[in-house]
Amino acid sequence: MISRSGSTADLGGRIPQRALGRGGPMVGVLGFGAAPIGFLETDRAVVDRLVGSLVDRGANLLDTAAMYRGSEEAIGRAIRGRRGEVVVVSKCGSPPGREGLDPWCAESIRLSIERSLARLGIDELDAILLHSCSRDVLEKGEAIGAVAEARRRGLVRMVGYSGDNEAALLAALHPEVSLLEVSLNLVDQANLAEVLPAAARRGLGVLVKRPLANAAWRAPEEQQGIYRQYAQPYHERLARLAIDPARLGVAGDPGTAWPTLALRFVLSFPEVTSALVGSTRPEHLAANLRAAQEGPLPAAATAAIREAFDRARGGEVWPGLT
């Protein structure tokens, strides 16, 4: 169960909050990406302390998924006694469905949502997202219809999509969708062109995955676990951007300056509701909270990063990495 104090009580006041879409709940601009705590089999006491510290500071959005091994169970244990203070988002549809079903068929999605609720120990999800299905799946309609049916049954409050590029744009325009989760960071800016503007026009909530660019400033061989698949392309892109945190107004050693710059860049876009950062280490949590407290970068720094991105890719297409 999450605590209301502890070792991070001296980190400062509550972080800024933004509405999760038109009429949605207020959530912290920093959210908790709960994949690492599951895949890395994090100790229960550590999870409780991490989540408790976040909620105490107003970082009340917790993002998990059916495929994040052990994550939903860990979050469920951590939020006991404080369900009313948190916004819980999960995802369905990936990996392949159980019981021999297509993962995107209505029955598979129904079973996945019911399992997620049982693992989390709650009666209703604040949001359920289709987990990176293709544009073809969205156009077929069965998957989006299944999550909409779960909302009508009172199992979820908001229906959304997690993914990038053309599929994310299609989802942003779908009348059943009220929440998107997309990639956005220093080296992954494709969704700024059309997806975020479309989301803003419809008043959607926008969650950002991989806001710290999977620590692209580190050598790829230093990455571990779930971050390895993005390490090489992100690292190569950052090298081509040739940017320096100090020249952009963010001082400090590289281990602090880079993540601060990355997080504040993402928070510079008003379309973004919350940037999701996963962590299993309290010191990383503390640094992320401080960066969120500092808020968006100055407009000139944000513009310089966008210009560096466009200059680095030249005529190439750098799609969002799903």
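Quick look at the values:
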| read-out | value |
| --- | --- |
| Filter result for the condition that a residue is surrounded by fewer than 15 Cβ atoms within 10 Å (Cβ to Cβ), closer than 29 Å to Ala275 by Cβ and of a type in the set (D, E, K, R), over Glu114, Glu85, Glu139 | Glu85 |
| Filter result (modelled with pLDDT of 95 or more and either in a helix (DSSP H, G or I) or touching an Asp or Glu at 6+ places or on another chain (Cβ under 8 Å) (or both)) within segment 237-254 | Arg237, Leu238, Ala239, Arg240, Leu241, Ala246, Arg247, Leu248 |
| Pairs with Cβ under 9 Å, 6+ apart, first in segment 231-250 and among the polar types (S, T, N, Q), second in a helix (DSSP H, G or I) | Gln232/Pro220 |
| Test result for Asp253, surrounded by fewer than 20 Cβ atoms within 10 Å (Cβ to Cβ) and either in contact with a Pro (Cβ under 7 Å, 6 or more places away or on another chain) or not β-branched (Val, Ile, Thr) (or both) | yes |
| Only listed residue being in contact with a His (Cβ under 8 Å, 6 or more places away or on another chain), of a type outside the set (Phe, Trp, Tyr), closer than 14 Å to Tyr161 by Cα and surrounded by fewer than 23 Cβ atoms within 10 Å (Cβ to Cβ), chosen from Ser134, Ser94 | Ser94 |
| Checklist (1) surrounded by 24 or more Cβ atoms within 10 Å (Cβ to Cβ); (2) more than 24 Å from Ala148 (Cβ to Cβ) applied to Ala219, failing item | (1) |
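Let's see how each residue does on (1) in contact with a strand residue (DSSP E or B) (Cβ under 9 Å, 6 or more places away or on another chain); (2) more than 20 Å from Met158 (Cβ to Cβ):
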{"position": "Leu180", "(1), (2)": "yes, no"}
{"position": "Ala193", "(1), (2)": "no, yes"}
{"position": "Arg202", "(1), (2)": "no, no"}
{"position": "Gly205", "(1), (2)": "yes, no"}
{"position": "Asn214", "(1), (2)": "yes, yes"}
{"position": "Trp217", "(1), (2)": "no, yes"}
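The values are calculated or read from the model by the stated rules, or taken from the named source; none is laboratory data. This one's a predicted model, so the numbers in the text were calculated from it and none came from an experiment. For neighbour counting, all protein chains shown are included, and Cβ atoms are generated from backbone atoms with ideal geometry for every residue, glycine included.
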